[in-house]
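The values are calculated or read from the model by the stated rules, or taken from the named source; none is laboratory data. Note that the structure is a prediction, hence the values are computed from the model and not measured. Don't worry about glycine lacking a Cβ; one is built from the backbone with ideal geometry, like all the others, and counts go over all protein chains shown.
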Amino acid sequence: MVASFNVHISSAIFHCSAPTLDDCPDETLPEFAFIGRSNVGKSSLLNLLAGENGLARVSPTPGFTKLINIFTMNKTWRLVDLPGYGFAEGSKKNSRQFNKSVAQYLKHRVNLCMVFALIESGLEPQAIDVEFIEWLAQHQVPFVLVFTKADKVPPATVSANIAAFMEKISPWFVQPPAAFLCSAETGSGRQELLGVIAEALAAIRAQENQVPETPEELAAKLPPTRKRGPDLQRPW
């Protein structure tokens with residue numbers, strides 16, 4: 001899948017860090033969330049997309065992101081950095097709370113347009129990634145797959161791992177989800193991912209600009225009503 005739209009990011013401003021869904025800002029702007037297993041390269045990818053190296057903090061410690069970090073892009077949409085699933089340093093209680101907050105956001109955030117599910121391309125299918133994609137499918141969360149770190153291993157290995165992963169998740173889909181390959185080091189895949197966002201924003205604008213149909217136009221689209229003949233068995 002290659003989107004035919006493009007978006008230019010002129011500004012990227014940190015909005016807030018929210019521990020729970022209730023702490024997130026109002027739902028007036030479209031949001032695009034990024035999530036993946038800890039140490040999948042999420043922060044580096046977010047910085048690549050935004051064109052700002054310091055937008056998302058890159059840490060060598062897995063599970064560093066513990067809050068729902070929200071950035072306002074071009075003053076018209078939001079990029080959301082979700083805590084990585086899997087290992088999170090700290091108590092088990094805190095780890096469960098992070099997972100619960102992420103689940104609540106993904107299931108109930110009204111203005112969530114798309115989830116970018118990050119998978120490390122250099123690894124064979126990991127059970128935790130497969131389970132997460134199954135969860136997204138079960139809850140009907142819109143998402144695309146993003147295979148990261150494409151520059152770290154030979155292309156043949158990347159292709160084999162992606163094919164194996166798509167095979168693993170195939171039982172849950174009639175049509176396979178869109179998949180993209182990217183590298184924060186080389187910049188590959190950036191325009192394709194921005195294209196996904198641009199296409200979604202264009203669809204939202206088109207819907208907002210749609211002229212409401214008149215009652216007469218709506219009535220014309222209804223199937224003709226069938227007249228019921230007299231029912232001689234009824235007493236009325």
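Brief remarks on what is shown
A quick yes/no check of all residues on (1) part of a helix (DSSP H, G or I); (2) basic (Lys, Arg):
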position: Asn99; (1), (2): yes, no
position: Lys107; (1), (2): yes, yes
position: Met114; (1), (2): no, no
position: Glu124; (1), (2): no, no
position: Phe132; (1), (2): yes, no
position: Trp135; (1), (2): yes, no
position: Val141; (1), (2): no, no
position: Ser159; (1), (2): yes, no
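- Within the stretch 147-190, being within 23 Å of Asn47 (Cβ to Cβ), crowded, with 17+ Cβ neighbours inside 10 Å and β-branched (Val, Ile, Thr) holds for Thr148, Val158.
- Top-ranked residue of the stretch 5-43 - restricted to ones that are among the aromatic types (Phe, Trp, Tyr) and at pLDDT 95 or above, ranked as nearest to Met114 (Cα to Cα): Phe32
- Residues that are assigned to a loop (DSSP other than H, G, I, E, B), more than 22 Å from Arg205 (Cα to Cα) and among the small types (Gly, Ala, Ser), drawn from the stretch 10-48: Ser38, Gly41
- With respect to the stated conditions, Asn161 fails to be at pLDDT below 95, more than 13 Å from the chain's Cα centre (by Cα) and over 19 Å from Pro30 (Cα atoms).
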